[in-house]
Amino acid sequence: MISKEYTILSAHGLHARPATVLIKLVKNYRSAVSLKKGDKEVRLNSLLNILSLTLKGGDVVTVLIDGEDEDVAAEAIDLFFTEQLKNL
Amino acid sequence: MITIQGIGVSAGIAIGRAFVVRKTENTVNDSILSTEAEIRSEIERFDIAVSISVTAIEAIMDQQPDLQDEDIAILETQIELINDPQIRTDVVALIEQHKKNAGHALTEVLRQIVSIFESMDDEYMRARSADVKDIGSRILANLNHAENIKINTLLPGTIIVAHDLSPSDTITMDVKLISGFVTGTGSKTSHTAIIAKSKSIPTVLGCGEVLGNIQTDDLIILDGLTGIVLINPDEDVISRYQIQMEGFKAKADELKQLKNIEAITIDGVKITLSANISNAADLEVVFENGGDGVGLLRTEMLFMDRDSFPTEDEQFEFYKQVALQSKGKPVIVRTIDIGGDKPLPYFNLPAELNPFLGYRAIRICLDRTDLFITQLKAILRASVLGDLKIMFPMISNVDEVRKAKQILSEAKKQLLAEDLSFNEHIPIGIMIEIPSAAIMADILAKEVDFFSIGTNDLCQYTLAVDRMNDKISHLYDPYVPGVLRLIDNVVQQGKKHNIYVGMCGEMASDPMATLLLMGMGLTDFSMSATSIPEIKKTIINNSVANAQILYHEVMAMDSSSDIIAHLKQAMQ
């Protein structure tokens with residue numbers, strides 16, 4: 001299991017559009033991925049649940065990745081949070 | 001004529017006939033299921049309705065090849081919502097445990113989600129409840145075999161009037177026929193606003209119940225900037241707006257053409273065009289005008305209109321918003337530039353005979369290190385959220401730079417002790433606006449990562465001219481060889497020491513100076529965002545090779561009048 005913290009690097013936070021991109025990205029991997037903000041944790045397969053975390057710009061979120069391809073998944077997710085999110 | 005005030009969300013004027021969209025709610029009965037077989041068939045019916053709904057959206061995406069990225073993103077989001085595993089889990093639970101039929105269960109689940117979204121303390125999330133309702137009515141429509149509303153009989157130039165428009169309504173409409181949108185509900189973050197903006201359709205939302213006054217075929221004028229909607233206006237009002245509309249269109253077309261073109265000269269040199277801004281809200285205009293980043297973020301606004309100095313957290317919030325909204329583009333933050341001419345009510349600065357030669361900017365900061373360190377810590381904390389750089393104003397000697405850097409190290413040390421993160425290697429630069437600094441650019445270049453030339457102060461200090469003084473304001477002239485040689489020295493020393501040199505004074509936005517500065521070797525121009533397109537036009541139509549010839553000619557001339565005449569001629 002991989003656990004990593006990210007700061008949300010977009011002004012409007014993890015809103016519907018980037019969350020959709022993230023869900024589609026995660027679907028490419030077998031690992032189970034969840035997001036955790038504070039003590040609230042949701043599976044990264046439901047847009048509604050992600051939106052309900054109301055992740056805003058500057059918020060810190062923990063990503064938990066568990067599964068056989070967790071290393072490659074973590075790499076892709078890393079790119080999403082550090083680079084792609086800024087432009088979404 | 002009736003006038004309605006709404007929220008303008010997409011600028012521009014539209015004049016046209018109204019088409020009023022009236023939607024009927026899908027009705028759902030609350031029949032109860034009795035057998036296990038009925039329950040299974042109800043779940044199956046839900047799954048089929050979901051897959052029909054997804055297929056329908058995918059069909060829209062396939063059939064409309066000219067959809068823009070924004071539209072595709074919205075449709076993909078809708079597919080995600082329709083397929084959301086949480087919605088299915090909740091619907092299935094209601095069907096199985098409470099024996100509700102699929103329509104009833106879905107309505108129940110959606111109502112809960114909508115009420116959660118609407119109660120959130122977040123405008124964006126409240127606006128998302130419209131998306132949830134929209135996908136709900138899609139699935140319900142497919143459960144009930146009801147027809148979705150279709151607007152396909154519009155005449156060109158129609159203005160769509162509706163209480164509310166769902167994302168799929170706006171996207172499935174043929175926008176080529178639509179000249180404007182007016183709705184009763186909605187805000188700047190609704191999908192209608194996003195789509196209207198992406199397609200440059202003038203739009204006014206949030207007009208309220210008064211929209212009931214509009215009938216199909218009424219003549220409507222709407223102003224998407226001011227949010228004003230006029231119903232059945234007089235002839236002279238119409239002609240007045242027609243003139244405005246044409247002016248706006250001409251300007252918007254030109255902007256649009258230039259916006260996505262990179263500022264590259266004919267001979268392939270990329271020139272960076274950034275903007276001078278005062279807060280995060282200004283960034284929107286920067287990107288609309290095709291800016292490459294921020295060459296000067298003034299921080300004075302943060303200190304004005306208040307009763308006391310902003311705390312570190314308050315300042316952090318300001319820089320954070322800028323960093324987050326800058327899309328990863330570079331932002332140069334200038335530390336506070338206050339002084340006798342820009343007083344703060346809570347900071348008692350004694351009146352000075354010569355405020356421009358007085359206690360101001362970095363001089364105050366190096367004296368009141370408590371204030372300086374608070375600002376530096378706040379900027380540093382925001383530096384992990386964007387590509388921020390720090391710039392010190394009013395530098396006249398090397399000791400000031402060294403002292404400022406020392407205080408910056410102290411700020412970093414304090415943040416480390418507080419376990420707060422920051423960009424350890426944040427670039428540091430200085431404003432070159434005092435002649436002494438321009439002359440010793442070779443020495444200063446060894447201390448910093450970049451220079452930014454502030455031509456306004458540099459010009460007035462070099463020529464000893466207060467340009468507010470009408471009697472001598474004609475002497476204020478940046479094209480005097482004395483000023484040009486200083487600027488040239490800064491650019492050449494910057495190149496020699498391999499540090500980046502920008503310009504954030506008024507000269508950067510003067511089209512007459514663009515070629516001369518390009519010929520000198522300046523590659524970074526920062527100006528008010530609205531000046532960017534014009535300067536860009538000059539850059540893309542010229543070459544650095546020609547600019548260099550012009551530069552050598554100008555530097556050999558002895559008076560500003562000759563230089564200005566020559567530059568004007570070169571612009572032709």
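No value in this document is a laboratory result; all are computed from the given coordinates. Computed from a predicted model, the values in this text were never measured in an experiment. Don't worry about glycine lacking a Cβ; one is built from the backbone with ideal geometry, like all the others, and counts go over all protein chains shown.
Rounded to the nearest 10 degrees, what's the angle between the helix B:102-119 long axis and the longest principal axis of chain B, both from Cα atoms, 0 to 90?
Roughly 30 degrees between the two axes.
By average Cβ neighbour count within 10 Å, what is the ranking of A:44-52, B:34-42, B:422-430 from highest down?
In decreasing order of mean packing, A:44-52, B:34-42, B:422-430 become A:44-52, B:422-430, B:34-42.
Taking every DSSP beta bridge with both residues inside the protein assembly as shown, roughly what % is antiparallel (nearest 5)? Don't skip to the end; give the middle numbers.
Numbers: 35 of 73 bridges.
Taking every DSSP beta bridge within the protein assembly as shown, about 50 percent pair in antiparallel fashion.
If each residue of separation counts as 0.36 nm, what is the full-extension length gain between B:Thr369 and B:Gln112 once their alpha-carbon separation is subtracted?
87.2 nm
Counting alpha carbon pairs within less than 8 Å and at least 6 residues apart, what relative contact order, in whole percent, applies to segment B:1-138?
The normalised contact order for segment B:1-138 reaches 28 percent.
Give the distance, in whole Å, between the Cα centre of segment B:462-537 and the Cα centre of segment A:1-53.
Centre-to-centre (Cα) distance: 47 Å.
If you take the beta carbon distance between B:Asp313 and B:Ala556 as r and set R0 to 56 Å, what does 1/(1 + (r/R0)^6) give as a FRET efficiency, to the nearest 0.05?
Details: r = 55 Å, r/R0 = 0.98.
The formula returns an efficiency of 0.50 here.
Tell me, what is the FRET efficiency for B:Gln64 and B:Leu225 to the nearest 0.05, using R0 = 22 angstrom and their Cβ-Cβ distance as r?
0.15
When the chain is fully extended, how far beyond the present Cα-Cα distance does A:Gln84 get from A:Met1, taking 0.36 nm per residue of separation?
27.5 nm
Give me the distance in nm between label points sitting 7 Å out from Cα along the Cα-to-Cβ direction at B:Ser187 and B:Asn232, one decimal.
3.4 nm
Just in chain A: which GluC sites (Glu not before Pro) are loop by DSSP and have at most 15 other Cβ atoms within 10 Å?
Those satisfying the criteria are A:Glu68, A:Glu83.
If contacts are Cα pairs under 8 angstrom and at least 6 residues apart, what is the relative contact order of segment B:448-548 in percent?
28 percent
A:Lys27 to B:Ala417: FRET efficiency via 1/(1 + (r/R0)^6), r the Cβ-Cβ distance, R0 35 Å, to the nearest 0.05?
Between A:Lys27 and B:Ala417 the formula returns 0.20.
To test your reading of the geometry: what angle, between 0 and 90 degrees and rounded to tens, separates the Cα axis of helix B:544-555 from the longest principal axis of chain B?
Rounded to the nearest ten degrees, it is 30.
I want to check the label-to-label distance for B:Asn213 and B:Ile72. Put each point 7 Å from Cα in the C-beta direction and report it in nm to one decimal.
That separation, rounded to one decimal, is 4.3 nm.
Can you tell me the relative contact order of chain B? Whole percent, Cα pairs under 8 Å, sequence separation 6 or more.
Once divided by the residue count of chain B, the mean separation gives 13 percent.
Relative to the longest principal axis of chain A, what angle (0 to 90°, nearest 10) does the C-alpha long axis of helix A:70-82 take?
20 degrees
How far apart, in nanometres, would the label points at B:Gln5 and B:Leu155 be if each is projected 7 angstrom from Cα along the Cα-to-Cβ direction?
3.2 nm
Do me a favour and compute the ellipsoid semi-axes for chain B from its Cα gyration tensor, root of five times each eigenvalue, largest one first, whole Å.
With the √(5λ) rule applied to chain B, the semi-axes are 55, 30, 22 Å.
Which distance in Å, rounded to a whole number, links the C-alpha centroids of segment B:381-445 and segment B:188-227?
Centre-to-centre (Cα) distance: 47 Å.
In square nanometres and to one decimal, what's the mean projected area of the convex hull around the Cα atoms of segment B:260-571?
In nm², the orientation-averaged hull projection of segment B:260-571 is 15.8.
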